[in-house]
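Data block below; observations after.
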Amino acid sequence: MLSSVHVKAPAKLNLHLKVCEKRDDGFHDIESIFQKIPLYDELLMEMVDSSCTCQVISPDFTLPFENTLTSAYKAFCSCTGIDRGVRITLTKRIPSGAGMGGGSSDGAAVLSGLSKLFGVELTPEQKHEAASRVGSDVFFFLEDGDGYDAAVVSGRGENVRYINSRKDLYFVLLCPGVHSSTGEAYRLVDSWHKVNRAGNTPFNELEDMYRKPVSKWTFYNSFTEPLAWKFPEIRKALSDLQQSDADYVQMTGSGSVVFGLFASAEDARNAYDVLRDSWAECYYLTSR
């Protein structure tokens with residue numbers, strides 16, 4: 001066993017996100033394309049001389065006492081029977097409440113890091129069980145490395161089919177700095193779609209659409225219109241990226257980060273150089 005492990009947790013973008021009708025159990029299925037991007041939280045995990053404890057240190061970001069890291073620790077212990085205590089130091093770089101999967105990615109990173117720390121390989125069934133206890137987006141982040149950077153995702157997020165990731169995607173991200181809870185966002189979508197139906201890219205065509213030139217994409221996000229209607233900051237971000245001649249502009253997840261995709265690295269860099277003067281949080285990133 002190791003005494004400490006350092007892991008990185010990548011962010012993701014939803015290039016497409018359809019929210020389906022509410023199910024009988026009150027949840028929604030989704031149809032989505034997830035794409036990892038090179039923006040990372042970092043986690044240092046160390047053993048401590050106590051049992052059944054998970055101490056989380058987050059110097060620059062306030063976490064609730066119960067969070068995705070502690071949930072992942074409890075799920076790991078439940079699956080493996082291990083009860084050794086750990087201390088996790090989180091360096092937060094992925095914006096919070098942004099729709100970029102930071103909390104879910106951190107949870108998956110804890111599962112991966114604990115496996116290395118204790119020298120225990122989780123079976124696929126154990127991974128699935130642990131992820132189900134932490135959060136829907138965790139399933140996508142369970143695997144990392146080449147071949148796991150993009151996926152077609154459905155169900156509540158538990159159905160993940162990894163696909164070959166494009167390496168020619170150039171993003172500019174804007175953070176409007178507003179936060180809408182996931183529950184509130186879903187309520188807005190339910191109300192909005194009673195009178196405003198979004199277009200549709202059939203689920204079985206999502207990967208084919210992903211391969212097409214970005215300017216030809218018919219992807220959309222069910223959350224974008226209702227959230228932009230409520231938050232003028234999101235409308236402003238969408239407008240600024242559209243005026244920067246991005247080939248595709250969308251919000252990720254249930255908000256509030258908005259991204260633009262550009263035809264070339266040079267175009268994206270030029271847009272970034274302009275937009276960063278008026279946006280406090282502005283990123284230029286590529287697909288991994």
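The values are calculated or read from the model by the stated rules, or taken from the named source; none is laboratory data. As the structure is a computational prediction, the values presented were derived from the model and not from experiment. Counting neighbours? That spans all protein chains shown, and the Cβs are built from the backbone with ideal geometry, glycine included. Calculation scope for accessible area: heavy atoms of the full protein, side chains included, ligands and nucleic acids excluded. Shrake-Rupley method; radii C 1.70, N 1.55, O 1.52, S 1.80 Å.
Screening the candidates Met100, Met47 for the property of being farther than 30 Å from Gly177 by Cβ and either touching a residue at least 60 places away in the same chain (Cβ under 8 Å) or open to solvent by less than 20 Å² (accessible area, probe 1.4 Å) (or both) yields one hit, Met47. Just wondering, is there one or more residues in segment 27-34 that are more than 25 Å from Thr182 (Cα to Cα), in contact with a Ser or Thr (Cβ under 9 Å, 6 or more places away or on another chain) and of a type outside the set (Val, Ile, Thr)? No.
Scanning segment 241-273 for residues being in a loop (DSSP other than H, G, I, E, B) and over 18 Å from Pro176 (Cβ atoms) gives a total of 4. Of all the numbered requirements in (1) within 23 Å of Lys36 (Cβ to Cβ); (2) open to solvent by 20 Å² or more (accessible area, probe 1.4 Å); (3) touching a helix residue (DSSP H, G or I) at 6+ places or on another chain (Cβ under 6 Å), Arg235 misses one, and that requirement is (1). When each of His6, His16, His28 is tested for being open to solvent by 60 Å² or more (accessible area, probe 1.4 Å), under 30 Å from Ser287 (Cα atoms) and touching a residue at least 24 places away in the same chain (Cβ under 8 Å), the lone residue that passes is His6. Where residues in segment 154-173 are of a type in the set (D, E, K, R) and within 30 Å of Asp273 (Cα to Cα), which of them is most open to solvent (accessible area, probe 1.4 Å)? The residue in question is Lys167. In segment 1-58, of all residues being assigned to a strand (DSSP E or B) and hydroxyl-bearing (Ser, Thr, Tyr), the one that is nearest to Ile82 (Cα to Cα) corresponds to Ser51. Checking each residue in segment 58-97 for being of a type in the set (Val, Ile, Thr) and either surrounded by 14 or more Cβ atoms within 10 Å (Cβ to Cβ) or more than 26 Å from Ser256 (Cα to Cα) (or both) picks out Thr68, Thr70, Thr80, Ile82, Val86, Ile88, Thr89, Thr91, Ile94. Looking across Ser215, Ser278, one residue alone is in a loop (DSSP other than H, G, I, E, B), farther than 23 Å from Pro10 by Cα and open to solvent by 50 Å² or more (accessible area, probe 1.4 Å). It is Ser278.
When you look at Val120, is it in a loop (DSSP other than H, G, I, E, B), farther than 27 Å from Pro38 by Cβ and not charged (D, E, K, R), yes or no? So Val120 fits the description; yes. Residues that are of a type in the set (Gly, Ala, Ser), touching a strand residue (DSSP E or B) at 6+ places or on another chain (Cβ under 9 Å), open to solvent by 10 Å² or more (accessible area, probe 1.4 Å) and within 23 Å of Glu184 (Cβ to Cβ) are absent from segment 255-272 altogether. Among the residues of segment 145-174, those identified as part of a loop (DSSP other than H, G, I, E, B) and free of Cβ contacts under 8 Å to residues at least 24 places away in the same chain are Gly145, Asp146, Gly147, Asn164. Taking first residues from segment 269-282 that are farther than 14 Å from Ala246 by Cα and partners that are open to solvent by less than 30 Å² (accessible area, probe 1.4 Å), the Cβ contacts under 6 Å between residues at least 6 apart in sequence or on separate chains come to Arg276/Cys282; Trp279/Leu174; Glu281/Cys175; Cys282/Leu174; Cys282/Leu275.
Note on segment 175-192: residues that are part of a helix (DSSP H, G or I) and closer than 30 Å to Arg276 by Cβ amount to 4.
Would you call Tyr73 touching a strand residue (DSSP E or B) at 6+ places or on another chain (Cβ under 7 Å), hydroxyl-bearing (Ser, Thr, Tyr) and part of a strand (DSSP E or B)? No, not satisfied. Considering the conditions (1) within 30 Å of His193 (Cβ to Cβ); (2) open to solvent by 10 Å² or more (accessible area, probe 1.4 Å); (3) out of contact with any Gly (no Cβ under 6 Å at 6 or more places or on another chain), Phe34 is excluded by exactly one of them, (2).
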